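Read through the structure below, which is laid out as structure tokens, and then see the notes.
What follows is calculated from the coordinates using simple rules that are stated; it is not laboratory data. What you are looking at is a predicted structure, and each value in this text was computed from that prediction instead of being measured. Cβ sites come from the backbone with ideal geometry, for glycine too, and all protein chains shown count toward neighbours.
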Amino acid sequence: MTARLPFTLAPLDEEPFEVWLHAYAARLAMAPDQLADALGLPARRGHGTAIRPSAEQLTSICTATGLEPRAVAAMFAPCGPAPAPRLLQAWMPQRTTRFCPACLAEDPGQMPAAWSLPVTFFCLRHGQLLASCCPQCGRRPTSLAGPSRAGRCTGPDGCGGVLGTARPPACADVPAARQAQEAISDFAAGVRDPTGTAASRRQALGQLTDLTIIASHVAADDPRRRPVRSVTLLSAGTLTTAFTLLTVRPGTRDADPLASLVAPVPPDAVPPAVPLTWHGARPALRARVARARDAELRPSDRLRYATTLPEPLLPVPRPAGQPDLAAVRAARLPDQIWPDWAVRLSDEGTVRHDKLLPAALVALLLPHSDMPLHQITALVSGRLHRHVIGFQVGKLTTATSVLRILTELAFALDAHDIPVSYRRRRDLAADTTLIDDATWARMIREAGMRLPSIGHARRYLYELLTGCSLQTAPPPYRVTSTGSQARYDDFAIGMPAPLVTALTVHARRQLDTWGIGDEPLQWQPPASWVTATSWPGADPASTDPAPIHHGLLREQATPGQVAASLGISPGHLRQVLRLHPLPRPRRPVRYTIIPAAAPVSPPSGQQPGVIYLDPAWLGEEYLTWQRPLNDIAAQIGCPMQTLNTFARDHGIPVRPRGSQIGIASRAAPGHHPRDLPEPLRHALTGRNARRSLHRLLAITEYASIHQAARELGIWPSALYEQVDRMEHACGGPLIHRRPRRADPGAFTPLGQLLCQQASDYLGLRRVPGQFATVHADDR
Ligand SMILES: [Zn+2]
Ligand SMILES: [Zn+2]
């Protein structure tokens with residue numbers, strides 16, 4: 001049965017168990033381990049990491065201390081590790097004490113408890129160092145002098161000498177010692193200041209711990225390798241130096257005097273960024289230690305401690321209960337870096353951008369994170385393999401400039417708003433069929449392509465909408481092999497501009513459907529967010545797409561060949577084509593016309609390029625109505641050459657090229673020849689018919705055909721010839737050739753009929769000046 005302790009010490013808000021235990025032990029004048037025994041706790045092996053007690057232990061702690069079970073349990077709640085007990089000793093009262101001889105000479109009864117703290121070394125009142133040895137026997141006097149022996153050397157071996165007669169040690173720099181003591185006393189008081197907040201006490205404890213760790217290195221014979229084990233005998237000089245080192249604002253790497261205390265990295269070793277002897281220090285101090293070892297660190301550690309920045313950027317302390325920076329960033333970012341950034345960071349022909357993109361994103365999560373790399377990797381996706389990522393991060397970041405860009409980008413992302421909610425989009429895309437078969441069939445038909453897999457279209461939309469990697473995407477978007485990745489890349493590279501536009505419009509509509517239409521479809525951080533002026537790779541946005549288009553379309557080269565000939569990476573080529581898609585498909589549809597009884601059917605959605613056509617219908621259109629073949633080909637949606645072959649195969653005599661008789665659809669838009677009355681139908685027959693009609697109508701605005709020709713800027717003979725041809729086609733004179741009469745109407749009745757029909761069917765009117773210009777589409 002545990003005995004009730006003489007008094008209760010209520011834990012402060014969020015006070016870790018170890019700190020409370022040490023404070024309690026100090027008040028009880030016990031060693032912390034003794035107190036732990038008294039509370040029924042077994043020997044504590046974990047340094048500073050108190051293990052949650054069993055129910056039985058909890059009961060005995062409550063019995064001994066008079067605390068509520070809730071108050072005891074709260075001290076074991078995870079709110080950051082407490083410093084190791086070895087470090088907590090620095091502000092524990094000790095059995096021996098230093099003392100101020102001047103204070104004791106004035107009042108021998110004064111032996112403040114603060115003198116027995118290892119971090120108290122200076123009397124602020126007298127401005128001198130505390131003495132530590134009895135002037136008579138040279139031993140350290142005990143701190144627990146009874147009232148009768150006040151001011152004397154006491155204890156089992158005490159000689160009884162009068163301590164007030166001791167000489168204080170000489171102090172080389174009184175102002176520095178005073179400043180250090182004032183600050184350190186504040187830290188020590190702040191650790192258990194009942195009026196402070198949990199955060200202010202944690203801050204004080206952190207400062208005191210940092211100071212103790214630095215001091216333990218300063219005091220050592222070989223400070224870089226083996227700090228002193230016991231912090232209970234730190235000298236005044238050590239503590240003053242440690243305080244100066246703690247508070248100095250480090251400038252560039254070489255200027256940080258702390259570096260002389262940090263062990264160099266042994267050759268051929270993969271060292272931790274922060275040596276074990278510095279564990280327990282706060283992030284800012286750890287960052288300084290890592291900076292001192294920057295040159296030998298692994299890329300991931302250089303990122304984590306932001307050591308490649310020109311000026312040190314110290315981590316901001318993370319309040320208890322707040323998630324790690326890596327988790328905060330992962331929630332805001334896609335699961336791969338933006339492809340343009342990846343290209344600017346690495347543009348070698350050998351780089352595998354599909355592997356590099358997620359690795360670069362992991363790199364962005366590292367700066368100032370406390371999470372191990374494998375946990376960060378898992379944050380991004382459970383499908384990423386830690387060693388692959390580690391390898392890729394290493395490959396990506398061999399150059400200091402790359403590390404610096406990534407570090408700066410990470411902090412810039414922390415500081416800015418990101419207009420795309422990547423995580424939400426990823427979740428929504430996982431539950432949506434991004435495009436259906438019918439829509440896709442229509443798109444590719446309109447783009448004149450053979451039917452590519454709808455799976456690729458869905459992947460393309462997934463990338464467009466989420467900015468995420470297909471390697472880690474949920475099914476059905478995921479690419480499961482190198483082969484399927486290659487097939488998808490070919491698809492994305494070969495997409496013609498109309499198809500890209502159609503899919504982009506489709507994606508925008510999807511955002512509206514999801515209710516996030518106010519977000520941009522795609523986004524990437526501007527390059528100006530980092531200070532880099534020269535980049536390891538090229539910028540896809542400033543690459544000329546013309547040679548790429550030429551290589552892929554005219555020379556039928558593979559994307560790999562085109563990239564190699566231009567000296568860019570395949571990833572770079574892909575990004576340029578995303579910005580500037582090919583103007584037409586690399587492999588257009590091969591059309592087949594199948595004879596059928598039905599007049600004509602458009603290409604079927606399931607079989608692009610297959611057209612059913614009635615030869616009799618074609619004969620009537622071509623022979624009877626004299627429609628140009630290219631007109632008919634455009635109507636049924638197939639290449640002219642295919643239709644030409646089909647016509648010959650079915651005994652339809654094809655007119656030689658250039659003999660454009662018949663009515664082209666552009667001469668009478670929206671009208672089939674059979675719908676047009678005479679003489680208009682014949683007037684529109686033949687080459688440049690519409691232009692001739694324009695001119696004919698314009699002639700009556702002028703005094704003579706001669707003057708009209710001059711005003712229209714053509715030879716009179718050419719105009720006479722056109723009028724003759726038109727009259728021949730219409731079967732009679734259209735314009736009076738007699739000398740001008742007073743009556744301005746120069747048209748014959750047939751000409752007036754033609755004029756009326758041109759107005760009714762083609763919307764052409766005799767308005768002065770209107771016909772004087774020849775329309776571009778009229779040639
Ligand atoms: Zn004094
Ligand atoms: Zn003595």
Exercise for the section: Per DSSP H run of at least 4 residues, take -39500 (n - 2.57); add these up for the chain, divide by its residues and hand me the 222 nm value, nearest 500 deg cm²/dmol. Expected result: -13000 deg cm²/dmol
Exercise for the section: With θ set to phi - 60°, apply the Karplus curve 6.51 cos²θ - 1.76 cosθ + 1.60 along region 24-40 and write out the HN-Hα couplings as whole Hz, x wherever there is a Gly or Pro. Expected result: 5, 4, 4, 5, 8, 6, 10, 6, x, 5, 4, 5, 4, 4, 4, 8, x
Practice task
Please express the Cα-Cα pair-distance distribution P(r) of region 635-720 as a list of whole percents, one per 5 Å bin, running from 0 to the bin with the greatest distance.
Solution key: 3, 12, 17, 16, 17, 14, 8, 6, 5, 3, 0
Completion exercise
By the Cα gyration tensor axes a ≥ b ≥ c (a/c under 1.5 gives rounded; else a/b larger than b/c gives prolate, otherwise oblate), the shape of region 172-220 is oblate
Exercise for the section: Determine, for each peptide in 96-103, 26-33, the mean count of other beta carbons within 10 angstrom over its residues, then list the peptides with the highest first. Expected result: 96-103, 26-33
Problem - Distance-filtered residues of region 163-179 - backbone nitrogen under 15 Å, label point 7 angstrom along ALA102 Cα→Cβ - result: 164-179
Handout entry: Label-point gap, in nm, between LEU566 and ALA327 - each point 7 angstrom along Cα→Cβ
Key = 4.4 nm
Handout entry: Under-5 Å amide H pairs with PHE122, H placed in peptide plane, nonlocal only
Key = LEU130
Exercise for the section: Could you calculate, for region 131-245, the ratio of the Cα radius of gyration to the Kirkwood radius, expressed as Rg to Rh? Expected result: 1.04
Practice task
Measure nothing fancy, just the Cα-based angle from helix 437-447's long axis to the longest principal axis of the chain, in degrees from 0 to 90, nearest 10.
Solution key: 60 degrees
Practice task
Kindly rank 324-331, 63-70 from highest to lowest mean number of other beta carbons found within 10 Å of each residue.
Solution key: 324-331, 63-70
Practice task
May I ask you to evaluate 6.51 cos²θ - 1.76 cosθ + 1.60, the Karplus curve with θ = phi - 60°, for each residue of region 634-645 and list the ³J(HN,Hα) values in order in whole Hz, giving x for glycine and proline?
Solution key: 5, 5, 8, x, 9, x, 4, 4, 5, 5, 4, 4
Completion exercise
Length gained, LEU124-ALA198, 0.36 nm per residue minus C-alpha separation, equals 23.8 nm
Handout entry: Quarter of the Cα convex hull surface for region 215-334, i.e. its orientation-mean projected area (nm²)
Key = 9.3 nm²
Problem - In nm, spacing of pseudo-spin labels at ALA176 and ILE594 (7 Å Cα→C-beta vector) - result: 9.6 nm
Handout entry: Cβ-derived FRET efficiency at R0 41 Å, THR244 paired with ALA150, nearest 0.05
Key = 0.70
Exercise for the section: Calculate how steeply helix 454-466 sits against the longest principal axis of the alpha-carbon atoms of the chain, using the helix alpha-carbon long axis, and give the answer as 0 to 90 degrees to the nearest 10. Expected result: 50 degrees
Problem - Packing-based ranking, highest mean first, of 711-724, 483-496 given that Cβ atoms within 10 Å are counted - result: 483-496, 711-724
Practice task
Could you tell me the distance between the Cα centroids of region 268-326 and region 485-562, to the nearest Å?
Solution key: 37 Å
Handout entry: ³J(HN,Hα), Karplus 6.51/-1.76/1.60, whole Hz, each residue of region 7-17, x for Gly, Pro
Key = 8, 9, 10, 5, x, 7, 3, 6, 6, x, 4
Problem - DSSP bridge orientation in the chain - percent antiparallel, rounded to nearest 5 - result: 65 percent
Handout entry: Kirkwood Rh, Cα atoms: Rg over Rh of region 402-503
Key = 1.05
Exercise for the section: Amide H neighbours of THR96 under 5 Å, at least 5 residues apart or on other chains, H built in the peptide plane: list them. Expected result: SER143
Problem - Exposure proxy order (Cβ contacts within 10 Å, fewest to most) of ASP210, ASP436 - result: ASP436, ASP210
Handout entry: For VAL610, distant residues with modelled amide H under 5 Å away
Key = THR592, SER604
Handout entry: Ellipsoid equivalent to the chain - semi-axes via the Cα gyration tensor, in Å
Key = 93, 27, 23
Handout entry: Gain in span if fully extended, ALA189 to GLU721, counting 0.36 nm per residue against the direct Cα distance
Key = 180.3 nm
Handout entry: 0 to 90° range, to nearest 10: angle between helix 386-396 axis and the chain longest Cα axis
Key = 70 degrees
